[in-house]
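Student: Here's a structure for you.
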Amino acid sequence: MSKALLVIDFINDICHPDGKIPSSAAHTQEQNAIDNANKALAFARKQGWLTVQVKVGFEQNYHAQPKESPIFGKANQFEALKLGSFGTDFHEDLDVQPSDFIIEKPRVNPFYGTNLEPVLRANKVDELYVCGVSTAWAIQAVTRDAHDRDYKVTIIEDACAAADQQEHMTSIDMLSRIANIVKVDDLV
């Protein structure tokens, strides 16, 4: 059994107070989510797991942006989520290493439109540990999709964040039916 850790969307536009759409910035700080993700990353690297850092974003001309999407539809107008900009840089506190596999995704779900699945299969991964933002969106999407692809999924709850604690816990409660829920200290 091979394991991978997916760390999702700890980028400036979403998690930094100076981001263009900092919807999870306050809760990320309250949860200490990035520090907890770093603990999980250190543990995963020590164990020899595949570590995957994921960011949402669109190319300079926004051709892949879904213009009618309620959450992505105005990104181009605000120049939000533009790949190669401050907004899609990983948060400065996140421990990103050259050995990490980096995925740029054009939608909420990191399986959609990316090479995540082939990389997981090539590395014989059948168990995923996930953390990041937002619990209500990307963490729900990846957990549900991974479950349906027959991966065993564990969510590192205190390395995730959402708009607020209530939204976060509502998502965690729902996902607990299809995934294991742990704290980073349980993992390490």
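Student: How much length is gained on full extension from residue 61 to residue 115, taking 0.36 nm per residue of separation minus their Cα-Cα distance?
Tutor: Additional length available on full extension: 17.3 nm.
Student: Exposed loop sites here are trypsin sites (Lys or Arg not before Pro) in DSSP loop states with at most 16 other C-beta atoms within 10 Å. What is the longest stretch of the chain lacking them?
Tutor: 1-66
Student: Straight-line reach only, C-alpha to C-alpha below 17 angstrom: list the lysines that residue 55 could link to, leaving out same-chain residues fewer than 8 apart.
Tutor: Once the sequence-local lysines are set aside, what remains near residue 55 is 20, 82, 105.
Student: While we're looking at this one, here's another question. For residue 91, which sequence-distant residues (separation of 5 or more, or a different chain) have an amide H within less than 5 Å of its own amide H, given hydrogens modelled in the peptide plane?
Tutor: Hits under the 5 Å cutoff: 11, 12.
Student: Now for a different question. Report, for the chain, the % of DSSP beta bridges that are antiparallel, rounded to 5.
Tutor: Antiparallel bridges make up about 5 percent of those DSSP assigns within the chain.
Student: If Lys and Arg each add +1 and Asp and Glu each add -1, what is the summed charge of the other residues whose beta carbon sits under 13 Å from the beta carbon of residue 152? Kindly include the intermediate steps, with their values, before the conclusion.
Tutor: Working: positive: 3, 149; negative: 126, 127, 148, 150.
Net charge in that neighbourhood comes out at -2.
Student: At residue 176 and residue 79, where each label point lies 7 Å from the Cα along Cα→Cβ, what is the point-to-point distance in nanometres?
Tutor: In this crude spin-label approximation the distance works out to 4.4 nm.
Student: Further question: Could you give each residue of region 57-71 its phi-based ³J(HN,Hα) in whole Hz, using Karplus coefficients 6.51, -1.76, 1.60 with θ = phi - 60°, and x for Gly or Pro?
Tutor: For region 57-71, the Karplus curve yields x, 10, 5, 3, 9, 6, 4, 7, 5, x, 5, 9, 6, x, 9 Hz.
Student: Between residue 58 and residues 5 or more places away or on another chain, which pairs have amide H atoms under 5 Å apart, with H built 1.01 Å from N, and which residues are they?
Tutor: 82, 83
Student: Residue by residue, what Karplus-based ³J(HN,Hα) values in Hz, rounded to whole numbers, does region 151-163 have, using 6.51, -1.76 and 1.60 with θ = phi - 60° and x for Gly and Pro?
Tutor: 7, 7, 10, 10, 9, 8, 4, 7, 10, 10, 8, 9, 5
Readers should treat all values here as calculations from the given coordinates under stated rules, not as data from a laboratory. Bear in mind the structure is a predicted one, so any value in this text is a computation, not a measurement. Heads up, the Cβs are rebuilt from the backbone with ideal geometry, glycines too, and the neighbour counts pull from every protein chain shown.
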